[in-house]
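Here is the structure we will look at.
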Amino acid sequence: MPPLRNVIPHMAISAAALYFWCCVSLISALGVVQEVLDCDRAAVSQKDVTGCFCIVAYNKNILTRFDTKAGRLTVESLTVKNEVDSLNKDPRALKIIQDGIQDSVNFLSLLLEAGADTLDREVSPSVTISFHDLEDFDHSSQLQCTVAGFYPSALNVTWLKNDGNIDEQVVQTQILPNSEKAFQTAAFTNIDPKTEDTYTCFVEHVTFPDGLRTNWVPQPKSSLSAAAIVGILFGIGGILTAITGAVFRMKRQGYQPRIPGLKALGHSCFPTVLFWKNQQQQKSNRSQASMHSNTSASSATSGDGLTKDTV
């Protein structure tokens, strides 16, 4: 008989495998039952169940519908025909279904009333047109019309070429909510930027009864490529760096640059140089005056008119 410590691991693995197989079998045997209640807003506001319909489905396959106007179930799948026929013969069962739908509509009406300020608001969309140059990738260039920030969500956007509809070439994304509790979408169309055609993004929304037209204005294309522009900028930066370094080295070595053509350009252009020259001139004049004064003081005249040197 093998030791117990060798048997327990094998038993644990077998138990885990059996548990996993049971879970998989149970999940595969389960299905999803769906019940959908769809009502328009007017029916919810008036609490009118005749503006609603109720669907019962199993794994996305519709089994039966409840006709709120006739107060009866309809057969959508033969697999439940007998059950549906049996329920249609039971007035009490039909009454329970009708009352359940009425309770749901009443609850939706309360929610609609509480959120009326948000649901009833109307916000105009903002329209932005951008150009995508895809010629370098061997694809047609594209125009993108981005429509954002609108409410309610009912909106139609398309492209016009020379005021003509080009729906067959337009690709529109889904209308999705954004972070501002509004909606956004975008429409794309292929164009030939070399032509002089006029492209217009046409938006239809409740805030624009006549529609909103936004024309695409082509921007002049630069003759230089992006790589050339970057190279030129780097070249200018290198030249400026070299000049700055040379100026700093000259200042460290005490080099004083000469200013040619001072007289020709006019003294008023160089106030600092003139100030320095005036200071030098004043110092020179004071030195000469001081020397002249010392010479006069060192010689004295006697009473007989003869000059006497002072020792």
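With a ≥ b ≥ c the root eigenvalues of the C-alpha gyration tensor of the stretch 27-118, is it rounded (a/c under 1.5), prolate (a/b larger than b/c) or oblate?
Because a/c hits 1.5 or more and a/b fails to exceed b/c, the stretch 27-118 counts as oblate.
By what distance, in whole Å, do the Cα atoms of the stretch 126-215 stretch along each of the three principal axes, largest value first?
39, 27, 19
Got a sec to turn the phi values of the stretch 56-68 into Karplus ³J(HN,Hα) couplings, 6.51 cos²θ - 1.76 cosθ + 1.60 with θ = phi - 60°, whole Hz, x for Gly and Pro?
10, 10, 10, 6, 6, 9, 5, 9, 7, 10, 9, 7, 5
Taking θ as phi - 60°, what are the ³J(HN,Hα) couplings along the stretch 87-97 by the Karplus curve (6.51, -1.76, 1.60), each to the nearest whole Hz, with x for Gly and Pro?
5, 5, 8, 10, x, 5, 5, 5, 5, 5, 5
No value in this document is a laboratory result; all are computed from the given coordinates. Owing to the predicted nature of the structure, the values given are computational and were not obtained by experimental measurement.
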